[in-house]
Structure formats: C-alpha cells, structure tokens
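To keep things clear, I will list the structure first and then write my remarks on it.
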There are 2 protein chains.
Amino acid sequence: MANRKKNKLRVIPLGGLEEIGKNMTVFEYGESIIVVDCGVAFPEDEMLGIDLVIPDVTYLEKNLSKVKGIIVTHGHEDHIGALPYVLNRIPVPVYGTDLTLALIENKLVEHQMLNRAELRAVRAGQTIQLGAFKVEFIRSTHSIADSVALAIHTPVGVVLHTSDFKIDHTPIEGEPIDLARIAELGKKGVLLLMADSTNVERPGYTMSERTVGETLDNVFKDAKSRIIVATFASNIHRIQQIVNSAMKFNRKVALNGRSMINVVKTAMKLGYLNIPPDVLIDIDRIQKLPRNQIVMITTGSQGEPMSALSRIASNSHRKVSIEKGDLVIISASPIPGNEKYISRVINDLFKQGANVIYEALVEVHVSGHARQEELKLIHRLVRPKFFMPVHGEYRHLKQHANLAQSLGMPEENIFIMENGQVLELSQRKAQIAGTVQAGSILIDGLGVGDVGNIVLRDRKHLSEDGLIVVVVTVNSDGKILTTPEVISRGFVYVKESEELMDEIRELTLEIIQKNLGKRKSSYANIKNNVKDELSSYLYQKTKRKPMILPVIIEIPC
Amino acid sequence: MANRKKNKLRVIPLGGLEEIGKNMTVFEYGESIIVVDCGVAFPEDEMLGIDLVIPDVTYLEKNLSKVKGIIVTHGHEDHIGALPYVLNRIPVPVYGTDLTLALIENKLVEHQMLNRAELRAVRAGQTIQLGAFKVEFIRSTHSIADSVALAIHTPVGVVLHTSDFKIDHTPIEGEPIDLARIAELGKKGVLLLMADSTNVERPGYTMSERTVGETLDNVFKDAKSRIIVATFASNIHRIQQIVNSAMKFNRKVALNGRSMINVVKTAMKLGYLNIPPDVLIDIDRIQKLPRNQIVMITTGSQGEPMSALSRIASNSHRKVSIEKGDLVIISASPIPGNEKYISRVINDLFKQGANVIYEALVEVHVSGHARQEELKLIHRLVRPKFFMPVHGEYRHLKQHANLAQSLGMPEENIFIMENGQVLELSQRKAQIAGTVQAGSILIDGLGVGDVGNIVLRDRKHLSEDGLIVVVVTVNSDGKILTTPEVISRGFVYVKESEELMDEIRELTLEIIQKNLGKRKSSYANIKNNVKDELSSYLYQKTKRKPMILPVIIEIPC
C-alpha cells in the first residue's frame, strides 16, 4: 500500500476552489510535500464580525515532516495573506520572487514574526529542487509585478499551474509571459494543467495593462484641477502608468494611504517602480502647489469604509478635502460584494463637487485575469493529459471545464474538485482518491478559529432582532425576591416602549411564579419556559424574535 | 405671503432622490396637493433586521385636508409598496391603470385593508381633475405592463414626469410609448421635466423587450430537457414571451412561487397575459410529462434566500428537484447588492447538474430603463424650461444633469434636489425654497418607525462582537451576595473559553468590590466602570469589543 502510494502524485487543493481567494494547493509524492500559495479570503456576508478566512492546514500539520516549503506565485493577499497564521504552525521555508517576498516581509513585520520566517528568493526561469519535486518558475503577467506560473516536475510527469494570470504581450515593466517555455513544456508533454478560471465567463481577450496608460493620458490632458486616482496598492504597473501620465503633464505625485506608501516604497527600493525623486512629494506639500500640478494616488478603490478615499469622500480626511472641479478616477473594478461601498463613495465625491470617472464610464481599468481566448491559447499550447480548473466559484470551474471540452478534451480527463479532495495521478491515470481535512478557519481579532457556527448563528440572530435579558432573584425556598430586571438592546427603542417592557416584566413574573410552584421544575426548565412564552408573546405583538436570555439567581438568604 | 404662495407650484420629492426606490413626489398648489407614487426601498446593508423602508409622510399628514389623491404610475414595489402603510395615515383615493390597481389590490388584501381603500381606475390618454391639477396619463413602456408617464397641468405650467420608462417601439402587448403626445406637449411648452435617471450611465439604447423573445426561442430550440426560467413576477411581458417560446416548442408551462402565481392569475384575468388554458399546468403535474415538454416559470431571479429558485438550487424545494441536463435561465439582472445571492444560486444549480444561462453569458434580459440616447430623445422632444433628474443615486442625478447640460440646458435651470427640498415654480422662475420633513421610516415586523439609529447601532455592535452579560447581587449594605453570573453570546464559543469566563467573573468581582468601597459610587457609576474595565481587558486579550451589559441587583435582605 505504502509502495503503491509512493508511485502516485497526490494533488490536494486546500483552498481556492468554489470560492474566490484562500488559494492553497498541496503536492505530495512519497515523503515530499510542497505547498503552492497561502492566501486569505474575505468573509462571506453571513460571517458577521469576521476579519479574514484562512485555509485549514490540519493535513499539513499531520504531515509536517514531509513539508519541504511553501511556494508563492505572486504578492496578492489571496496568495500570501495566510502566511502569518500558517507559518506559526507549518514553519517551513517560503519561496518567491523578489517583489513577492518583499510584500510578504512587510506582512510578517506587521505580525512581528519576520525573524521566525525563512524567505528564499527565486527568479523567473529558475528551477529549484524540493524533495521529489523540481519546481520551475515561469515568467507570467498579472495585475501585480513579478508574478510567476509554475511547472512542477514530478516523477510521474509535469504539472503546469498557471496561478492567476493574463496574457499581456506589452507589460509595463519586465518581460511578457513566457509563452515559448509554456509551449515547449506542452510539446514535451504535460500531465496536468491547473489554470485560473476567474474570467472564464468573459469572451475575447483582456486588454493589455498598457491601454490604461493611454486612457489616463487622455483624461490627464484635459484635466484643469487636481487629479486623484484610486487603485490597488499592489498594482505597481498601474501606479507606474499614473506616474508616467503625471510627468507628461507636469504634475507632482503624492501618495495617500498606509499600504500605498509601504508598497510604493518597497517597489521603488527593488527597482520595480521608477519615480524620479523630484516627482514624488509629501502629501503635506500639496497645499503649496497649484491644483493643476498635483496627482494624488490613493488606496480605497473598493470603497472600503475606513480607507483614505472614503474619508476624502465623506470629508473626514485629516489632510485632503475635495474642492469643486477635482477629478477623481477610480482605477479598479468592484470585487463582488463591494459594489455598494464603491457606489457610496462615488455619490459622496460627486456631492463634494468632484468630477468622478469610473469603469462604467471610461476604460480606466483592465482585469488581471485571462478571458476565454487567452485560456484557449494556454490549453492549446499546453495540451495537457488532465485538467483541473482552479481559482473560481463552482460556476467558473464548470465553465472552464466546458471550455476545455469545447477544445476536444474528454470529459473524464477533467476534474472539478472540491477543497480537500485528493487527485491521485500516475503517468497514465488520474482519479479522485478520497479527501483530507479542509475548510475555513475564521480570524476574528486575535482569535484564530475560536468563532464557529454557534457564535455566528448567535451574531446573526442578535443582528436581526436584538436581545432581551430578564433577571430574577429567588431565595432557596423558591420565593421571588425582586421584580424582574428587563434589559433590551437592538430590539425596540426602550424609551418609547416602556409599556412593552412592563408587560415583559409582568409576564416573566407570572411564568416564574407558575413554574416555581410546580414540583421538579429545575431552573433550566423554568428558563426555557420563560424563553418560549416571552418569545411567542413578543412575536405575536411585534412579529420579531429577539434573543431572550433569562437569568435566575438564587440568593442564600 | 399666503397670496404669493398661491401663485406658486411646489414640487417636493419625499423619496426616490439619492436612492433607488421609495419613490414619492408631492405637487402642491394653493389648497391642492397630489402625490405621485408611494414606493418602498429595500434596506441598506447597515439596516440590520429591517424588512422595508418607506418615506416619511409627516408633511402630508400635516396637510391632510389638502391631499386630493395618490397617483401611481405602475405596479412595481418601489412605486406601490408603501401604500398599505401610507393609506393608514393618508386615507385618500388612489389613481392608477387597471393592472397597477389590481396589483395594489393584491397587496391591500394581504394587509387586510382593501375595504378601507378607494381605488379609482384610469386609462392612458385620460385626464382627471384633482383640485388645482389636471393629471394626464400618458402611455409609457417599462418592464411592467400598463405603466404611464404623467403630464401634470398646473396653473403655472405643465410638469412632465416620465416615472420609470424606456422607449420601446415594439412592446409585447399594448401600445408603444406615446412619443407623439410627449412631443406635442413639448411643442406647447413644458415648465418642468422630471425624468428617470436609473440607466443614465449607460450609452446607447436599451433593447426592446422583444429581443429577449428571440433569444429565448434560440435557447428553447436546442434544449433537450426541462427548462426553468426565473424572472420577476411583475414582468408580464417577459412571462408572455416565455409562454410564447414554450408553445412554439410544444412545452407546457408550470408556475412556481406565490407571487408568480398571484400576478399571472391577475394579469390573465385582466387580459394582459394570454395563456391558452391547456398550456398552463399545475406544478404537481410536471412529473407526469416528458421532461422536454416542460417549462417552469419561477420567482427567485434575485437569488433571494427563501425564494422558489433558491430552494430548488439547494435541493430543498418540496416539489421540484434538479436533474442532470435541466436548463435554468436567469432572465433578470442583479439589483445592486444581490450579486452574491444570485452567484450562490448559480453555483448551486450547476452543482445539482443543471446547465445555467445568465446575463453574463447570453442576452436573456433587457432593462426597463432608458439609456443615454433615449433620455436625450425625451429631452429634445420635451424641451422643458426646467429640469429635475429623479429616480437614482446622486451619481445618476448628477450624470443626468450633465446630459441635460450637454444638450444645451443652462446649469441654473437644472435642479439636483434632496428628498424634502421644495422646488417652487412660477411661470417663469424656479428656485429651491426651503425643506419639509422627509426621510426613511423603517419597517421591522409589525413595527413602523420604532427602530431608529440607536437600535441599529446596537444591532451592528452585537453582530460584530456579540455580548457579555454580568449579573451581580448585593445587599443594601453594599455586600456582594453571589459570585457574578456571566453569560456570553456571539463572542466566543463558551465551552472552549471557560478560562476566559472565569477571568471575567473574577475581574468583575474585583471592580465591584473596589467601587462599592468608595463613597458616592452610584450603581450607574459602578456599571460604567465594569463596562470600561472589562472592555479594555477583553480588547487587549482578544482584539474584540463585545457589548457588555452589567446588571447589579440590590436585594433587600
């Protein structure tokens, strides 16, 4: 059995399937395990109060001695964000390109654990040996610089993992995606392709990042006042283009937002971003320059309520306020779920007197993910024996499977997997072979995994109808000592509902008196009765179901 | 003063500006008031637990004797939904076309108040006199049948209110929008245009509803198994087209979802929907027919969690479950905020084995709102002296104002208003003249307006971090009688946090003992101390801020 296993490659996604984010895939062969990516997801709507979601890495903990390292394909949160939590439990080296490691470094510094981590730099084109695996880093293009695809050379064949990518023939900095090497690997034979499904529903090609620069030039050309551009801090090529347009039209550039300042500093230091020293000015200096000589680059392109742009829009930013005629460009598209936040920021900016340009109006953003024609090109070049669509909700994975089939791949060679499922591959065969523990670990404040379904269910209940606490004291003879104390929060406005509170008090007294009389009524029973009877009374009165917390205290006197 | 006022028309939006929904506009002249539309809005994300939002009609209550009637332009919820609440306080006749009134009737029956309402039918082309106003109903086209625009003839001039509309030259049933009459009014002179801004950000024309029929035919033609189409129950023309396509390909039609069955029944009775009796079958009969002879039309096109389609997708519908090969068509586009719900339903349907077609893939839906070129046409035909963009968030109102300016209208003749602001018009002049009370009344269960900001703030707090109740009993000498009772919900999973609960108990005891010792520490003071000290302790331990509710009970013994 152990022997048979040794001859198989096991590919186990621990995150990134049937979801956007939390990307992590395990590759196992005999005594070797490598992990690709280590990302976070943002909480679903019903995960009330949760800050972040990370993958469950129990399987890695159980096989810790096998784990040779974590390979990170690029520096986005959904690929690096879980490292501070995972490295605590899986202390192995992390491999990535320079910029990716620099962004990881910033993150580890924030979590005060840089000294405990071992970061090993690689460059595109390089191949490293990790146990039974040879991992080859292939230059790729995406909405962050220095991203790579991976060719994982295993004893049973090559796995090509595109990670997030688009095919940009004219990137802003560095080399285009190394299609030649991908074609060469395809020619030699690829066992398994794992490819990005994010944009599979969109026909055609994603435009080159360079087209945004042209749009920006056109917009900057006509601008008469201050320009504020919001984009992702990690989109360094976008930032470079904003800077380029600013320089063309004799504007200085100020940065706004902590992550924007950090990432730009890091990228400049490493040479990924080229901003002449006299162009970059401190945000405090913008008041001293004519308004038509300023470009501000800011965070907050997703309308995040505490971000720099939201604060500017609501006129609560310490240093920047909108003046009539300011031009704000939202150079990003909404991540699903953020539409309303962004809309609110746009409304507020207009109200402050700004002119706002956003994707619905002008093409000031392009995606970082490949569309249908790009995906088809990759499939045609790689010509894999097996295919696993990755990075997407089920609908995306399914559509990507359909796309592969439309190119002639047999349905039985395509594996739409779930997180935790094991794909076992030999040189000729692939099959789903069981599952390992996988899932979502919720991060809330300092708590990692201490908030589960019960806590979330209570939060949801509280959020919808609030609560009522009723406290009664009795003595050991079952005599009620005080009139019930009733406290309500999030239910009705108490001051205007004195009458209802009185009724609750009386009803509680009644129920308790009735029950104390009965033999064998434990306090737990009585509390349940109070809960049920109050609940149905209140539902009938208000059609609401507040959480009811009865407290009975026995006083020894 | 009173005299001057008599000579002016006052136009007062009480809802529908800087928001989607809750449409209501007041027209006042001397002793006459008429109200146009009476809609609900759906709650914002932060309105936790709220069911609906209606306009504040205090101004109408204060001027009740003047109010001649409520005119409703079409039967969508954002135009009729607040009637059951508003008619309770403003008992006046309601005017609308046949289908609109029939939908209102259904709604009033649900609220058991039909007998108290006075519904008066009008038809497009008709003009009625209401006090100082002549209200002319003009045939319009929208995503619901029997919708009208209004020409309100007042002593100072004509106001043209488009309400929600698109320009559909080939509607499915009934007449196209009466552009000739609108042009005639424009020719004679229109004082004020109020026009729909929903789609102002979109260039070009909205396609005719008829184009959806062609797409459906193409999709139905190739379908081999059962077809399930989800759409809005009120989109009667869409339903007619689905039925037409079904008949073309020899399929029977079953209806699913309470509102779908109600609206179809109403529309058939009134002749707005034409379905031969042998085509419509009961949902219980679908098991007896071959799968390729069935079309089901269902509610749930917005992915609403309790809707028929959601229950089918999660395999919890009593009568319908997906079989491999079923084709599901989502014939609607997401209302902002619903994207994630719909996405979840699509994922679940794919997982159940269905093939799903939605707007991102195929044009199975068109909007009911005019795009830029249609809006320009209306502006050109009406050539109003003044313009007030309505129905939209601020960004839409602003873009609509820009569109009017681009057509040559002077900026000072355009009024971007807020709900409650009064636009005062004479034959030659228009100006904003003060405000009246306006705002959002929140509906929660049976409560109308009893949930305000404090309740919502508490719900938000509870939803994010839960709560901790600590109860302490003392006697009148300030001696503590029982160890503090600690109850927590939505904070941490209690069973795994015994230690933390113990710490909370001890800390509470400590704080209270310390404070009881001090002179002049009222119980309120002590409770505040418990709150503050526990709060900062827990924040430091967990980086969370649960609501803390201290209760101190004095026992007279």
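General remarks:
- When the alpha carbon gyration tensor of the range B:167-309 is reduced to an equivalent ellipsoid, the three semi-axes, largest first, read 34, 16, 16 Å.
- Pseudo-label separations to other copies for B:PRO277 - Cα-to-Cβ vector, 7 Å, nm: 9.1
- Ellipsoid semi-axes in whole angstrom, largest first, where each is sqrt(5λ) of the Cα gyration tensor of the protein assembly as shown: 48, 43, 33
- Cα-only Debye scattering, the range A:389-443: base-10 log of I(q)/I(0) at q = 0.13, 0.23, 0.25, 0.26 Å⁻¹: -0.40, -1.01, -1.09, -1.12
- Debye log10 I(q)/I(0) at q = 0.13, 0.16, 0.22, 0.23 Å⁻¹ for the range B:333-424, Cα point scatterers: -0.63, -0.78, -1.10, -1.17
- Against chain A, whose longest principal axis is taken from its Cα atoms, helix A:523-542 shows a tilt of about 80°.
- Teacher prompt: B:GLY408 distances to equivalent labels in other copies, 7 Å Cα→Cβ, nm: 6.1
- Whole-percent P(r), the range A:231-329, all Cα pairs, 5 Å bins from 0: 3, 12, 25, 27, 20, 11, 2, 0.
- Apportionment of accessible area to carbon and sulfur, the range A:209-357, percent (1.4 Å): 51 percent
- Set of aspartates and glutamates near B:LYS385 by C-alpha distance (under 16 Å), chain-local residues within fewer than 8 positions excluded: B:GLU184, B:GLU411, B:GLU412, B:GLU424
- The antiparallel fraction among DSSP beta bridges confined to the range A:81-208 stands at about 75%.
- Each part reduced to its alpha carbon centroid, the range A:312-379 and the range B:334-355 end up 25 Å apart.
- When each of A:LYS543/B:LYS107; A:LYS319/B:LYS531; B:LYS22/B:LYS107; A:LYS531/B:LYS319; B:LYS107/B:LYS269 is checked by Cα-Cα distance, pairs over 27 Å: A:LYS319/B:LYS531; A:LYS531/B:LYS319
- Of the trypsin sites (Lys or Arg not before Pro) in the range A:415-522, those whose Cβ has at most 13 other Cβ within 10 Å and which sit in DSSP loop: A:ARG428, A:LYS429, A:LYS479, A:LYS518, A:ARG519, A:LYS520
- Sparse-neighbourhood loop sites, trypsin sites (Lys or Arg not before Pro) in the range B:63-125 - DSSP loop, at most 13 other Cβ within 10 angstrom: B:ARG123
- Put a plus charge on the Cβ of each Lys and Arg, a minus charge on the Cβ of each Asp and Glu, and nothing anywhere else: the dipole of chain B about its Cα centre is then about 920 debye.
- Cα-based radius of gyration of the range B:466-555 once divided by 2.2 N^0.38 Å, which approximates compact folds: 1.05
- Only alpha carbons enter this Debye calculation for the range B:269-371, each as an equal point scatterer, and the log10 of I(q)/I(0) it gives at q = 0.16 Å⁻¹ is -0.80.
- Size check on the range A:414-473: the Cα extents along the three principal axes, sorted descending, read 72, 24, 21 Å.
- Placing +1 on the Cβ of every Lys and Arg and -1 on the Cβ of every Asp and Glu, with no other charges, gives the range B:401-497 a dipole of roughly 40 debye about its Cα centre.
- Legend: residues in the range A:536-557 shielded by at least 30 square angstrom of accessible surface upon adding the remaining protein chains to the isolated chain (1.4 Å probe, heavy atoms) are A:LYS543, A:ARG544, A:LEU549, A:VAL551, A:ILE553, A:ILE555, A:CYS557.
- For the range B:466-555, the antiparallel share of DSSP beta bridges with both residues in that region comes to about 40%.
- Cα long-axis angle, helix A:258-269 against chain A (0 to 90 degrees, to the nearest 10): 20 degrees
- Here the alpha carbons of chain A define both size measures, Rg and Dmax, at 28.7, 88 Å.
- Label geometry 7 Å along the beta-carbon vector: B:ALA360 inter-copy distances in nm: 1.9
- Point-charge dipole on Cβ atoms (K/R +1, D/E -1) for the protein assembly as shown, about Cα centre, debye to 20: 840 debye
- Cross-link pairs beyond the 27 Å C-alpha cut-off, checked among B:LYS265/B:LYS376; B:LYS66/B:LYS398; A:LYS248/A:LYS288; A:LYS134/A:LYS187: B:LYS265/B:LYS376; B:LYS66/B:LYS398
- Cα long-axis angle, helix A:453-465 against chain A (0 to 90 degrees, to the nearest 10): 70 degrees
- Think of a 1.4 Å ball rolled over the protein heavy atoms: the range B:210-357 then has 42 Å² of accessible area per residue.
The values are calculated or read from the model by the stated rules, or taken from the named source; none is laboratory data. Since we're looking at a predicted model, the values are computed, not measured. Virtual Cβ from ideal backbone geometry, glycine too; neighbours counted across all protein chains shown. We work out accessible area using only protein heavy atoms, side chains counted, and drop any ligands, DNA or RNA first. Shrake-Rupley method; radii C 1.70, N 1.55, O 1.52, S 1.80 Å.
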